[in-house]
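Notes follow once the structure below has been shown.
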Amino acid sequence: MNRYQLAIFDLDGTLLNTIGDLAVGCNHILSGEGLPTHTYEQYCMMVGNGVKRLVERALPEECRTPEYIEEMRRRFVEFYYDHIDTHTTPYDGIAELLAELQQRGVKLAVASNKFQAGVVRLMERFFPEIHFEATLGGRPGIPAKPEPDIANEIIRLVGVTPDSTLFIGDSGVDMLTAHAAGAVAVGCAWGFRSREELIETKADHIIDHPSEILGLI
């Protein structure tokens, strides 16, 4: 009998290293407007709260009007969706972990702040052989993480209890989401954010390689 029945994964920085395509997409729209671009390392600190917040953070402060942010968000989504898997790859050990969890009967799901169509496209592209109970991203009317709405929706859908659920992510946003949903917060140190951020947001466990999750199950 598994200790945990459900494993909910963040997507960007947890299952997939998406920073290359996110950076290229954002720099594409910025350079098209003659605005300053950013490095991959800078983008690691901008992502995690959805596309709108990414675009807002990337724009110079004087450009951050609601109308301009929305227009640049639209352009970003259009470009990014068409180039979503150019540089993106799964992290080492992720495919093997998901296959083993599935073999052990652990239910799997994804909870992301990425827009829903992007989540679906990436999951179909990189993990077509894995069954996920839900792959949920940002949708109109659904509060983004760290609000627990997406996690709560998955837990209800699967029909398990929060304390039998692992919530696995690379950022403080994910740890706060896990705590708010009553799940066990597992911080992965291979992602975009620092170990210090995971400690500060009170991760219950911090792991350095995907295979370590098997020791928690």
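Axis of helix 66-82 versus longest Cα principal axis of the chain: the two differ by about 60°, to the nearest ten degrees. Pairs of alpha-carbon atoms within less than 8 angstrom and 6+ residues apart define the contacts here; what relative contact order does the stretch 167-212 have, in percent? With pairs under 8 Å counted, the relative contact order is 39 percent. Summing charges over neighbours of residue 88, with a neighbour being any other residue whose Cβ is under 12 Å away from its Cβ, gives 0 when K and R count +1 and D and E count -1. Of the peptides 71-77, 194-200, 36-42, the ranking by mean beta-carbon count within 10 Å, highest at the top, reads 71-77, 194-200, 36-42.
Looking at the chain, the pairs of alpha carbons with a distance over 26 Å make up 32% of the total.
When only alpha carbons are used to place a centre, the stretch 125-184 and the stretch 26-99 end up 22 Å from one another. Calculated mean residue ellipticity at 222 nm for the chain: -12500 deg cm²/dmol, from DSSP H runs with n ≥ 4 weighted as -39500 (n - 2.57), summed, divided by the residue count and rounded to 500.
To the nearest ten degrees, helix 116-126 and the longest principal axis of the Cα atoms of the chain are 60 degrees apart.
Take every Cα pair under 8 Å in the chain that's 6+ residues apart, average their separations, divide by the length, and report that relative contact order as a whole percent. With pairs under 8 Å counted, the relative contact order is 25 percent. For the stretch 19-82, go through all pairs of different Cα atoms, get the mean of 1/r, take its inverse, and jot down that Kirkwood value in Å. Radius from the Kirkwood sum: 11.4 Å.
The equivalent ellipsoid of the stretch 53-180 has semi-axes of 29, 19, 13 Å, largest first, where each one is the square root of 5 times an eigenvalue of the Cα gyration tensor. Remark: relative contact order (the stretch 119-209) = 21 percent; criterion is Cα-Cα distance under 8 angstrom and separation of 6 or more residues. Charge dipole of the stretch 19-82 (Cα centre as origin; +1 on each Lys and Arg Cβ, -1 on each Asp and Glu Cβ, all else neutral): 160 debye, rounded to the nearest 20.
Every number in this text was worked out from the coordinates using simple rules, so none of it is lab data. From a predicted model like this one, the values you see are computed outputs, not experimental measurements. Note that each Cβ is placed from the backbone with ideal geometry, even for glycine, and that neighbours are counted across all protein chains shown.
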